Amino acid sequence: MHCFIAILPSLILGDTMPYDTVDRDKIKEMVRDFYAIILKDDSLGPIFIKALGDDLEGGKWIEHFHTLDDFWVLMMTGKRGYGGDPFPPHAFIGPLTTENFDHWLELFHEVVYRLFVTEVADRFYKKAEILAEQFIDNLGLNDEDDDD
């Protein structure tokens, strides 16, 4: 009885415990939550709206979400489904800066650490940091740091 009473406020208030496992449905939730935040962001929103539109329920976003779901399933579980290179579609989005990627990582951090326990969120975030660094390198954005 005491266990139920302790859990009841969370159920009533809508609080949920962070996920301690990763599966396709949790990844789908993460991806959609993240990009809903991105579209509302003053600096990143316009970049994504220009490329994919402002309707997360339709158009290019549906295909993009499917690709992102497959990508993160592969990254986090090893299950095949994604078979591409994430960089080329981003190569011609427009002028991007290291600050764009830093801010993208900040927002990603907020979402994964809200939805997942620390150990799982750490895995997501480490992979996102590697991805961002690869994009920055591929775009030549940190060439100015190579003056040594």
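The values are calculated or read from the model by the stated rules, or taken from the named source; none is laboratory data. Just so it is clear, the model here is predicted, and its values are computed rather than measured. All Cβ positions, glycine included, derive from the backbone under ideal geometry; neighbour counts span all protein chains shown.
Going through Asn142, Asn100 one at a time, which residue ends up being of a type in the set (S, T, N, Q) and touching a Leu at 6+ places or on another chain (Cβ under 7 Å)?
Just a single option satisfies the conditions, and that option is Asn100.
Please go through segment 64-117 and give me each residue that is closer than 24 Å to Lys50 by Cα, buried (at least 19 other Cβ atoms within 10 Å of the Cβ) and within 12 Å of the chain's Cα centre (by Cα), ordered by number.
Leu68, Asp69, Phe71, Trp72, Phe101, Trp104, Phe108, Val111
How about segment 50-75: which of its residues are in a helix (DSSP H, G or I), out of contact with any Gly (no Cβ under 7 Å at 6 or more places or on another chain), among the aliphatic types (A, V, I, L, M) and under 17 Å from Glu29 (Cα atoms)?
Answer for segment 50-75, where residues must be in a helix (DSSP H, G or I), out of contact with any Gly (no Cβ under 7 Å at 6 or more places or on another chain), among the aliphatic types (A, V, I, L, M) and under 17 Å from Glu29 (Cα atoms): Ile62, Leu68, Met75.
Among the residues that make up segment 135-142, is at least one of them touching a strand residue (DSSP E or B) at 6+ places or on another chain (Cβ under 9 Å) and either in a loop (DSSP other than H, G, I, E, B) or modelled with pLDDT under 95 (or both)?
Filtering segment 135-142 down to residues touching a strand residue (DSSP E or B) at 6+ places or on another chain (Cβ under 9 Å) leaves none.
Checked against the condition, which is being touching a strand residue (DSSP E or B) at 6+ places or on another chain (Cβ under 9 Å) and either in a loop (DSSP other than H, G, I, E, B) or modelled with pLDDT under 95 (or both), segment 135-142 yields no hits at all.
Which of the residues belonging to segment 62-99 are farther than 15 Å from Val22 by Cα, in contact (Cβ under 8 Å) with a residue 40 or more places away in the chain and in contact with a helix residue (DSSP H, G or I) (Cβ under 7 Å, 6 or more places away or on another chain)?
Pro86, Phe87, His90, Ile93, Gly94, Thr98
Given the criterion modelled with pLDDT under 95, β-branched (Val, Ile, Thr) and assigned to a helix (DSSP H, G or I), identify the matching residue among Ile93, Ile47, Ile37, Ile27.
Of the residues listed, the single one that is modelled with pLDDT under 95, β-branched (Val, Ile, Thr) and assigned to a helix (DSSP H, G or I) is Ile47.
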